[in-house]
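Below: one structure, written as structure tokens.
Throughout, read-outs are computed from the coordinates displayed, never taken from laboratory work. Being a predicted model, the structure only gives us computed values, none of them experimental. Here the Cβ is made from the backbone with ideal geometry for all residues, glycine too, and neighbour counts use every protein chain on show.
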Amino acid sequence: MDARQAAPAFNLRPPRPGWGISLPGLKQPSTRGPIQVLPPPDEVVIALSHARGCATPVVHPGDQVLTGQLLAQDEMASAHASVTGIVTAIEPRAVPGSPATPCVVIRRQGTERLHPACTPLDPMALPPVGIIRHIRDGGIVGLGGASFPTARKLAARTPVRALIINGVECEPWISCDEMLLRERAATVVRGTAIMMRALAAERAVIAIKVNMTEARIALHDALESSGAGDISLALVTARYPSGGERQLIQLLTGAEVPAGGLPCDIGYLCQNAGTAAAVADLFDRGQPLVSRVVTVTGAAIRQPGNFEVRIGTPLSALLAAAGGCHETPQRLIMGGPMMGITVDADALPATRGTNCLVAAGAGDLAPQQVEMPCIRCGFCVEVCPARLMPHELLGAVRSEDGIALDALGLAACIECGSCDLVCPSSIALTPRFAAARAIRIMPDEAGDEAP
Ligand code: SF4
Ligand code: SF4
């Protein structure tokens, strides 16, 4: 057997029968070519918010800024200029998922120059707390979609035995992590090693889907040449949502994160593969988080692909880079079809959490069905990765019974959409659970990334 097919070091447990769902891949159109680096746009709108708050501006309208310059400071994740130019406004702007969030607007001007503060730093010469501070100051947030501040997550309150790098990307259509792993596997491995040092973790595993052949080969080669014997590779089922943080931990270790608890409570911590690459770029190239890879795809798109774009680039520029649309999109989705959000206008900017833009064509979306009464078939229970009883939750949502919602474990719902997909009565379960969760509880403190 080829060494590249060697068994992973982690004990993979098969999911229980019926767990999750099989979804069509839909990644092929966007993985035909390499990641394309887009030139900086004429204007960027940089959101200062992250999943746990918002940075405070340290620049003013009229200031000249260089790429990588600090725009706004925060105790969890700062924000930086993604282009060289002039600050034209600091004001609330619409960004994906929010009608008004504090933003810095920069009009590009002059030759692109990196700010002199952007210099490489040897992480091995720093104590763990110094690494975490540098990650905070570098504006690194989880690039899997949740935008949870990476420094906050690394400052785990309990010892972490193993760091898990999540490259599973099990949502259909999204392929930015897969392409990053194919092309920049060594950078992901390097970022993994840096975060292991920050956590004093004994080992790490990079998890990808079993069918990511090219990424597997690239990672195998990168691991071999890095000589990092404490980092291994694990191949997990392609069933959705195997990339959900809690589901992935269970698949890899058999251990369940307790309800209301965090992965670090049982000795594990997950970071996204793109986040690991961003951490490596911060230390080795001196580059704070000023760009990211975004998948642009969907049946309405002429040339689907992956693009490295400056943070704050208009979504319209992403669509244009992919050749534009050959039909009017039925829906523009940021993120994947299962957990993504509909974006109204393509004039919105890409944020640090923008991993995918789908311009859905006529054939991409199932026609809206009329909701029928629940027939208690149990299909939703069978597929729920969080072992919930969605039909019972539905009853509690309808009767606005908060005690029952808590007792039925609403907090553990990851809003994966699996129950909706299998419901023969076409009941929109997940939107109801999401609305109830938004009212009753804070988002997951663990900073779960999208599957
Ligand atoms: S799948 Fe739909 S119809 Fe079946 S039990 Fe669940 S909510 Fe009811
Ligand atoms: S959306 Fe929530 S209730 Fe429905 S399958 Fe996913 S985790 Fe379970």
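Of note:
- For the stretch 373-405 versus the stretch 254-291, the gap between their alpha-carbon centres in whole angstrom: 32
- Among MET76, MET372, the order by Cβ neighbours within 10 angstrom, fewest to most, reads MET372, MET76.
- Of the beta bridges in the chain, as assigned by DSSP with both residues counted there, near 60 percent are antiparallel.
- Sum of -39500 (n - 2.57) over DSSP H runs of 4+, divided by residues of the chain (222 nm, nearest 500): -7500 deg cm²/dmol
- From least to most packed, judged by other beta carbons within 10 angstrom and beginning with the fewest, ARG190, ARG432 follow the order ARG432, ARG190.
- Shown for GLU392, GLU112: other C-beta atoms within 10 Å of each C-beta, ranked fewest to most, produce the order GLU112, GLU392.
- Listed by number, the DSSP H helices of the chain that run 15 Å or longer by alpha-carbon position along their axis and have mean Kyte hydropathy of at least 0.5 are 185-199, 273-284.
- Share of Cα-Cα pairs in the chain lying beyond 36 Å, as whole percent: 24
- Extension gain, ARG107 back to GLU214 (0.36 nm per residue minus Cα-Cα distance, nm): 34.6 nm
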